[in-house]
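The values are calculated or read from the model by the stated rules, or taken from the named source; none is laboratory data. All figures in this text were calculated on a predicted structure; none of them were measured in a lab. A quick note on method: Cβ atoms are made from the backbone with ideal geometry, for glycine too, and the neighbour counts reach across all protein chains shown.
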Amino acid sequence: MFNYTFQWKQAFARLPQMLDGAAVTMQIAILSMVLGILLAITLTMFRLSGSRILSAIARTWVEVARNTPALFQIYMMHFGLGSFGLHLSPFLSILLGITFNNAGYLAENFRGALKAIPETQTRAARSLGFGAAGAFGYVVLPQMLRIAFLPMTNQMVWAILMTSLGVTVGMNADLYGVVQDLNALTFRTFELFALAAVIFYLITKIITIGARLIAARLFRY
Amino acid sequence: MNHKFVVGLLAAAAFAAPAQADKLDDIIASGTLRCAVVLDFPPMGMRDENNNPIGFDVDYCNDLAAALGVKAEIVETPFPERIPALMSGRVDVGVASTSDTLERAKTVGMTIPYFAFEMAVTANDKSGVKSFEDMKGKTVGATAGTFEAIALEKQVQEWGEGTFRPYQTQADVFLALSQGQLDATVSTSTVAQSNVKTGNFPGISVVGKAPFDIDYVALFTDRHEYGLLNYLNLFVNQQVRTGRYAELYEKWVGGDLPDLTVSGVYR
């Protein structure tokens, strides 16, 4: 029993607004990925550093990021910090929330990738005259990023989909936020959300295909 | 005429091609009226300490079920999910403080108004907002999907300065306001009073009225269910006529009873 007449025209009339939202969604996802990768590399280095404190920090970060819902992490960025008087805008809350999550997951991916690189690589690099940092930066890191490339693509897709959680912290400029605003205005729920789902699908599809092309180009033997 | 033939004819008349059952029939036959109610909207819909739904809308649904001679079932529905709940057949009627905008009436069928809200401005005490006009240029917010959110967002665009933020629930709006993430909010005056009164949100106070139109809210159901809409309209009328509307208003809200008619025009 589904008593509903679809009015696609009304939804398509709102498409420009939705595409503007999609651009914001992309912006958040890309920024959160760039920051997330940098942080994840830092966390990985913390773990390798041998310092107890640094590796404890890294482990705690990964534990919290991986074992609590992303919704909770984003909510905490806004209302959790807010209760201490630190007010982040919705954009920053969602961006930092997703970045936190990305960094946690990617650090684990990087750790797994590192395990797949034989230790002889480091030793060979060192014997060729690289310092500790040089051996990591020039020999180990590129291989690590290569092994972790597909999981990184995965995380990017995940980051895009997570932007939809922004509505919980007052975000209304991203794709999901725009659609929800329009829904309240028109009650054309099914058309609007169907259209949004297609846009989400297309974005993530473009990214996975793009990543595959980049991988084919970068990682040729 | 053959006796058996007559019986057969009567049986055929009774069972073959019955008049098409509409939603009103379905509700009466099923013995249950399922109402979409927003339970994050005190005093219209909320939960008591035992987690049971209570509030004006809950009582209104119970009254409606009693009038129909069926059992009431309260289906908790957040504001943005009212229409999906109706369209997917999870609820029969929305008793969910739904503003009867023309835009929305293109999608669902609205009854005559059963309640009317006035809008109030609630501000964080440190924000310096003392009236509606003071909100210009400030960070303001409201509950996503409500009449006041739509009106306030439009107002912020007209002012051309300041920021509008919609939050998912009324509780989040007041939390953000209390933390100072929002300078002020516009909500129905009933919600504003009842949230300030709880003491859960320190540092906020109701500072004045918002000059938005009176927010008339209607019951809603499927647009083409005229039988049911007709019944609902009569029910709303009877609630006022019998004094039950005034009684419920006194019980949940108190103060001056809002008039549900507009002068100078029919319906």
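Name the residue that is nearest to B:GLU148 (Cα to Cα), counting only residues in the stretch B:191-229 that are in a loop (DSSP other than H, G, I, E, B) and within 18 Å of the chain's Cα centre (by Cα). The selected residue is B:PHE212. Look at B:SER88 and say whether it is modelled with pLDDT under 95 and not assigned by TED's automatic domain parsing to the domain that holds B:ASP183. The answer is yes for B:SER88. Of everything in the stretch B:124-145, what is under 15 Å from B:THR163 (Cα atoms) and either among the aromatic types (Phe, Trp, Tyr) or in a strand (DSSP E or B) (or both)? Give them in sequence order. Of everything in the stretch B:124-145, those that are under 15 Å from B:THR163 (Cα atoms) and either among the aromatic types (Phe, Trp, Tyr) or in a strand (DSSP E or B) (or both) turn out to be B:PHE132, B:THR139, B:VAL140, B:GLY141, B:ALA142, B:THR143. Taken across the stretch B:29-40, residues that are crowded, with 19+ Cβ neighbours inside 10 Å, among the β-branched types (Val, Ile, Thr), closer than 19 Å to B:VAL217 by Cα and modelled with pLDDT of 95 or more do occur, with at least one present.
This table checks each residue for (1) at pLDDT 90 or above; (2) on the phi > 0 side of the Ramachandran plot; (3) of a type in the set (A, V, I, L, M, F, W, C).
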{"residue": "A:PRO151", "(1), (2), (3)": "yes, no, no"}
{"residue": "A:ASP174", "(1), (2), (3)": "yes, no, no"}
{"residue": "A:PHE187", "(1), (2), (3)": "no, yes, yes"}
{"residue": "A:ALA194", "(1), (2), (3)": "yes, no, yes"}
{"residue": "A:ILE199", "(1), (2), (3)": "yes, no, yes"}
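Residues that are without any contact (Cβ under 8 Å) to a residue 60 or more places away in the chain, surrounded by 14 or more Cβ atoms within 10 Å (Cβ to Cβ) and not in a helix (DSSP H, G or I) within the stretch A:1-39 comprise just one, A:ASN3.
Against the definition (surrounded by 21 or more Cβ atoms within 10 Å (Cβ to Cβ) and either out of contact with any helix residue (DSSP H, G or I) (no Cβ under 7 Å at 6 or more places or on another chain) or in a strand (DSSP E or B) (or both)), how does B:ASP259 come out, yes or no? No.
Within the span defined as the stretch A:124-138, every residue fails to be of a type in the set (Gly, Ala, Ser), buried (at least 17 other Cβ atoms within 10 Å of the Cβ), in contact with a helix residue (DSSP H, G or I) (Cβ under 7 Å, 6 or more places away or on another chain) and within 30 Å of A:ALA23 (Cβ to Cβ). Pairs are defined by a Cβ separation below 9 Å, a sequence spacing of at least 6 or placement on different chains, a first member in the stretch B:244-267 that is over 16 Å from B:THR190 (Cα atoms), and a second member that is in a loop (DSSP other than H, G, I, E, B); the pairs so defined are B:VAL262/B:ILE214. All of (1) within 14 Å of chain A (Cβ to nearest Cβ); (2) closer than 30 Å to B:ALA192 by Cα; (3) at pLDDT below 95 hold for B:GLN20 with one exception: (2). Considering only residues in the stretch A:57-95 that are of a type in the set (Gly, Ala, Ser), within 19 Å of the chain's Cα centre (by Cα) and in a helix (DSSP H, G or I), the one that is nearest to the other protein chains (Cβ to nearest Cβ) turns out to be A:SER93.
Elements of the type strands (runs of 3 or more DSSP E) sitting completely within the stretch B:17-114 and holding at least 3 residues that are among the β-branched types (Val, Ile, Thr): these cover B:93-99. For A:MET156, the stated conditions do not hold, so it cannot be described as part of a loop (DSSP other than H, G, I, E, B) and either within 30 Å of B:LEU182 (Cα to Cα) or in contact (Cβ under 8 Å) with a residue 12 or more places away in the chain (or both). Of the residues contained in the stretch B:101-124, none is found to be in contact (Cβ under 8 Å) with a residue 40 or more places away in the chain, within 12 Å of chain A (Cβ to nearest Cβ), surrounded by fewer than 18 Cβ atoms within 10 Å (Cβ to Cβ) and over 23 Å from the mean Cα position of the chain (by Cα). Of all residues in the stretch B:140-168, those that are more than 9 Å from every other protein chain (Cβ to nearest Cβ) and hydroxyl-bearing (Ser, Thr, Tyr) total 1. For the stretch A:167-180, filtered to residues that are within 7 Å of chain B (Cβ to nearest Cβ) and either part of a helix (DSSP H, G or I) or among the β-branched types (Val, Ile, Thr) (or both), the residue that is farthest from B:ALA171 (Cα to Cα) is A:GLN180. When B:THR198 is tested against (1) in contact with a Ser or Thr (Cβ under 8 Å, 6 or more places away or on another chain); (2) away from chain A (no Cβ under 14 Å), exactly one condition is not met: (1). Considering A:GLY82, A:GLY21, A:GLY50, the condition of being at positive phi and out of contact with any strand residue (DSSP E or B) (no Cβ under 7 Å at 6 or more places or on another chain) is satisfied by A:GLY50 alone.
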